[in-house]
Amino acid sequence: MIIDSHTHIFPDKIKQDRSRYFDNEPEFKLLYNSPIAKINTADDIIKSMDTFKVDISIVCGFPWRTPEFSKKNNDIVIEAVQKHPDRIKGLACFDVSWEGAAEETKRCINAGLCGAGELAFYLSGIDKEALAFLDPVMSVLRDNGNLPCMIHTNEPVGHSYPGKTPITLEQIYMLAKTFPNNKIILAHWGGGIFFYNIMKKETKNVLKNIWYDTAASPFLYESKIYELARDAGVLEKILFGTDFPLLMPDRYYKDMDDSNLNSDEKKLILGGNAVKLFKDI
C-alpha cells in the first residue's frame, strides 16, 4: 500500500484566480505568487493518485490568516474525504494564532478529519509565542485519541527558497519537548533533526513521538538521506510525503530506488508507517 502523507488541495475558485486571495495573506502570496507554483483540487489529486498508484492521500489546505478562508479550505478537504472515504484522509489547517483554531480543530475532527496540519510559521520561527498558540490545538488532538499534527519545518542552513522559514534546530527540539505526549509529524525531514536520535542522552526520549515526512526531498537532499535515516534508527518514523502538487510521486520512487534501502524498508516508508500512525486507514 502506498500512502502519500503530505498533499495539498484548494477550492476551485482559488485555482482559477489565486490573485484575489493575496490581500492580507502574505504567506499565501509568498508561496503562490509565481504562476509556476501549482494549485490543485481534489479531482486533480485523485487523477494523480491513479497515475502513480497511490492508494491513500492525506490532504491539507493552507494556514490562512483569514478564518473564513481556512474554514472554506477545510470544508473542501472534508468534502473530499466524504466523497472518497477509501482514498482521501484529511487534516485541519489554519493559522494557529487565530482564536478559533482549537474550535476549528474540533469541528474538523467531528466531520471526519484525522488530525491537524500542515501548520506553519512561514514568516517566523517556532518561538515561545508560536508554542503558546499551538497549545490549545495540541490539547484538542490529545483529547480526541491523540491524533497527529503535521508542522512545517525546514533545514536552517543552505539556499533560500519561498517557504523556507527562519527556524532553528533548537526551536524544533523545544517543540518536541513542549508537547511530549502529542504525535507530531515534522514536514521536510524535520530540518535534519532526526540525526540527533543517535545521541546517547536525552534526545532519543524527547524525539520519541516525532515522525518525519519526505516532502520536497528530491529538491533538497541526495537519495542517501534514506540510508542516513535508517542508520539513525528512525526508519519506522519516516512517512512518504510528496507535498503534491509541488512534486509527483515518481520523483520520490526514483530516489528510494537509488538508495540502498531494501524492499521491506521501502514498504515501511511508502505506507506501512502511516498505517500505524493514522487511524482508520
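Kindly indicate the residue of segment 176-197 that is of a type outside the set (Phe, Trp, Tyr), touching a strand residue (DSSP E or B) at 6+ places or on another chain (Cβ under 6 Å) and in a helix (DSSP H, G or I) and also surrounded by the fewest Cβ atoms within 10 Å (Cβ to Cβ) among those meeting that condition. The selected residue is ALA176. If you check THR7, THR66, THR51 for being within 22 Å of LEU123 (Cβ to Cβ) and of a type outside the set (Asp, Glu), only one passes: THR66. Filtering segment 233-279 to residues that are among the hydrophobic types (A, V, I, L, M, F, W, C) and not in a loop (DSSP other than H, G, I, E, B) leaves LEU235, ILE238, LEU239, PHE244, MET256, LEU268, ILE269, LEU270, ALA274, VAL275, LEU277.
Answer yes or no as to whether TYR212 is touching a Leu at 6+ places or on another chain (Cβ under 9 Å) and part of a helix (DSSP H, G or I). Answer is no for this residue. Taken over segment 220-248, the criterion of being over 15 Å from the mean Cα position of the chain (by Cα) and within 18 Å of ILE185 (Cβ to Cβ) is satisfied by LEU220, TYR221, ILE225, TYR226, ALA229, ALA232, GLY233, VAL234, LEU235, GLU236.
Matching residues to (1) of a type outside the set (Gly, Ala, Ser); (2) under 23 Å from GLU227 (Cα atoms); (3) free of Cβ contacts under 8 Å to residues at least 60 places away in the same chain:
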{"position": "ALA130", "(1), (2), (3)": "no, no, yes"}
{"position": "TYR161", "(1), (2), (3)": "yes, no, yes"}
{"position": "GLU170", "(1), (2), (3)": "yes, no, yes"}
{"position": "LEU175", "(1), (2), (3)": "yes, no, yes"}
{"position": "PHE179", "(1), (2), (3)": "yes, no, yes"}
{"position": "ALA187", "(1), (2), (3)": "no, yes, no"}
{"position": "VAL206", "(1), (2), (3)": "yes, yes, yes"}
{"position": "ASN209", "(1), (2), (3)": "yes, yes, yes"}
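I'm trying to understand the selection: among the residues of segment 194-213, which are touching a helix residue (DSSP H, G or I) at 6+ places or on another chain (Cβ under 6 Å) and within 20 Å of TYR253 (Cα to Cα)? Answer for segment 194-213, where residues must be touching a helix residue (DSSP H, G or I) at 6+ places or on another chain (Cβ under 6 Å) and within 20 Å of TYR253 (Cα to Cα): TRP211, TYR212. Close contacts from segment 254-281, counting a first residue that is at pLDDT 95 or above and a second that is among the polar types (S, T, N, Q) and assigned to a helix (DSSP H, G or I), with Cβ to Cβ under 7 Å and a gap of 6+ residues or different chains, come to ASP255/SER217. Surrounded by 15 or more Cβ atoms within 10 Å (Cβ to Cβ), of a type in the set (Ser, Thr, Tyr) and either farther than 25 Å from PHE278 by Cβ or modelled with pLDDT under 95 (or both): does that describe THR242? Here the answer is no, as THR242 does not meet what is asked.
Across segment 73-125, the number of residues qualifying as in a loop (DSSP other than H, G, I, E, B) and crowded, with 20+ Cβ neighbours inside 10 Å comes to 10. Among the residues of segment 198-219, the ones that are under 20 Å from ILE184 (Cβ atoms) and surrounded by 14 or more Cβ atoms within 10 Å (Cβ to Cβ) come to 13 in all. Do we have ASP50 as of a type in the set (Asp, Glu), within 21 Å of the chain's Cα centre (by Cα) and either assigned to a helix (DSSP H, G or I) or more than 16 Å from GLY241 (Cα to Cα) (or both) here? No: the conditions fail for ASP50.
Quick grid of which residues meet (1) in contact (Cβ under 8 Å) with a residue 24 or more places away in the chain; (2) among the charged types (D, E, K, R); (3) over 28 Å from VAL275 (Cβ atoms):
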residue: MET1; (1), (2), (3): yes, no, no
residue: ILE9; (1), (2), (3): yes, no, no
residue: TYR21; (1), (2), (3): yes, no, yes
residue: ILE39; (1), (2), (3): yes, no, yes
residue: LYS53; (1), (2), (3): yes, yes, no
residue: ILE56; (1), (2), (3): yes, no, no
residue: CYS93; (1), (2), (3): yes, no, no
residue: GLU104; (1), (2), (3): yes, yes, no
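Inspection of segment 135-148 finds a residue satisfying the criterion of being of a type in the set (D, E, K, R), in a helix (DSSP H, G or I) and touching a Ser or Thr at 6+ places or on another chain (Cβ under 9 Å).
Going residue by residue through segment 63-84, is there one that turns out to be among the aliphatic types (A, V, I, L, M), free of Cβ contacts under 8 Å to residues at least 60 places away in the same chain and under 21 Å from ILE184 (Cα atoms)? No; the residues of segment 63-84 include none that is among the aliphatic types (A, V, I, L, M), free of Cβ contacts under 8 Å to residues at least 60 places away in the same chain and under 21 Å from ILE184 (Cα atoms).
The values are calculated or read from the model by the stated rules, or taken from the named source; none is laboratory data. None of these values were measured; they are calculated from a predicted model. Quick reminder, even Gly has a Cβ in these numbers, built from the backbone with ideal geometry, and neighbours come from all protein chains shown.
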